[in-house]
1. Of these, Val115, Val106, Val84, which one is aliphatic (A, V, I, L, M), assigned to a helix (DSSP H, G or I), at pLDDT 90 or above and open to solvent by less than 90 Å² (accessible area, probe 1.4 Å)?
2. Residues in segment 11-32 that are of a type in the set (A, V, I, L, M, F, W, C) and loosely packed, with under 10 Cβ neighbours inside 10 Å: how many?
3. If the requirement is being of a type in the set (A, V, I, L, M, F, W, C) and open to solvent by less than 50 Å² (accessible area, probe 1.4 Å), which of these qualifies: Ala98, Ala94, Ala89?
4. Select, from Arg41, Arg63, Arg51, Arg78, the only residue that is part of a helix (DSSP H, G or I), basic (Lys, Arg) and closer than 22 Å to Arg122 by Cβ.
5. Tally time: how many residues in segment 33-68 are closer than 28 Å to Arg4 by Cβ and either in contact (Cβ under 8 Å) with a residue 40 or more places away in the chain or open to solvent by 80 Å² or more (accessible area, probe 1.4 Å) (or both)?
Amino acid sequence: MEARDPELRRELDATLKARAELGPEYDSALVDSFLEKVERRLDDTLDRGVRRHLAEQRTVAARSGARPAAADGTFGERFGFGAVSLVLAVPLSAIGVANAGIGGLVVAWLGILGVNAVHASRTWPWSRGRRRVSSDREG
C-alpha cells in the first residue's frame, strides 16, 4: 500500500505495532486514536482548500472590480426564521387543535412546513439557475 501522506503512513505503522504488542483488547482504542488523527488531517486539508478557494475568489473579484457574490441568506437569517417558525408553531398548533381537532393540527403544520420549504428553496442550488434565466428573459 502506497501512502500519499508519509506522516499518516507512520501513524498507521505505529498503530499496527502497538496492536501487535498490546493485543486485541485494545483494538477499539487504537482504531479510535488513528481515526482521530486521520480526521484531523482531513479537516486541515479541507480548511486549506477552502481558504485557497476564498483567496482565489477575492483575487478575481479584486481584479475585476466586482464584489464577490453573497450567499442567499446568512446563517443568522436562516436561524432566526427557523426559531420564529418554531415559536409560532406552538400557538398555531393550539389554535388548530382547539378549532378543528387533529385536522386543524395537520393543516397548521402543513402551513408551517410549506412556509419553511419556500424559504429554504431560496438557497437550493438548482433554483438559482432558473431564477437567473427567468430574470434574464424579463430584462
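The values are calculated or read from the model by the stated rules, or taken from the named source; none is laboratory data. This one's a predicted model, so the numbers in the text were calculated from it and none came from an experiment. Cβ placement follows ideal geometry from the backbone for every residue including glycine, while neighbour counts extend to all protein chains displayed. Ligands, DNA and RNA are excluded from the accessible area calculation, which covers all protein heavy atoms including side chains. Shrake-Rupley method; radii C 1.70, N 1.55, O 1.52, S 1.80 Å.
1. On the way: Val115 fails: at pLDDT 90 or above; Val84 fails: at pLDDT 90 or above.
Result of the check over Val115, Val106, Val84: Val106.
2. Looking only at that region, the number is 1.
3. Exactly one of Ala98, Ala94, Ala89 is of a type in the set (A, V, I, L, M, F, W, C) and open to solvent by less than 50 Å² (accessible area, probe 1.4 Å), namely Ala89.
4. Exactly one residue qualifies, and that residue is Arg78.
5. 12
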